[in-house]
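Enquirer: My questions all concern the structure below.
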Amino acid sequence: MHVQRTLPSSRTARSAVTAASPAALRDLVLAEAPACLLDPELHSGAPGESPADEAARVAVAREVCASCPARLPCQAFALLTRPESGVWAGLTAAEIGALAAVASGAVRSAA
């Protein structure tokens, strides 16, 4: 027997995630048992990592993030907290910073 699971609309999920505090978002991420917890160094890197090793590690981390059930709350957490390093929801810290800056500008423009 196939049971179809009804998921909330992406708009509903997005508004629930964007209204959450950093602690609540962290709890949402951890509740989904994200794959990054199995290999934290994959998402954070090792000291002294070469640029080639970093690029390869980030590519693999992005693949892990692509299928992670915690991707949406992870991305919201990262946008809210703006981490200085690592891969979060498939984005590097630099990409998250740029995305957050664009989003801040878009919010200011709309106001």
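What follows is calculated from the coordinates using simple rules that are stated; it is not laboratory data. Keep in mind it's a predicted model, so treat the numbers as computed, not measured. Glycine gets a Cβ as well: all are built from the backbone with ideal geometry, and neighbour counts include every protein chain shown.
Enquirer: Residues with beta-carbon under 12 Å from that of Val58, excluding Val58: net charge, scoring Lys, Arg +1 and Asp, Glu -1?
Expert: Neighbourhood net charge equals -3.
Enquirer: With the cut-off at 23 Å, report for segment 20-110 the share of all Cα pairs above it, as a whole percent.
Expert: Of the Cα pairs, 24 percent sit more than 23 Å apart.
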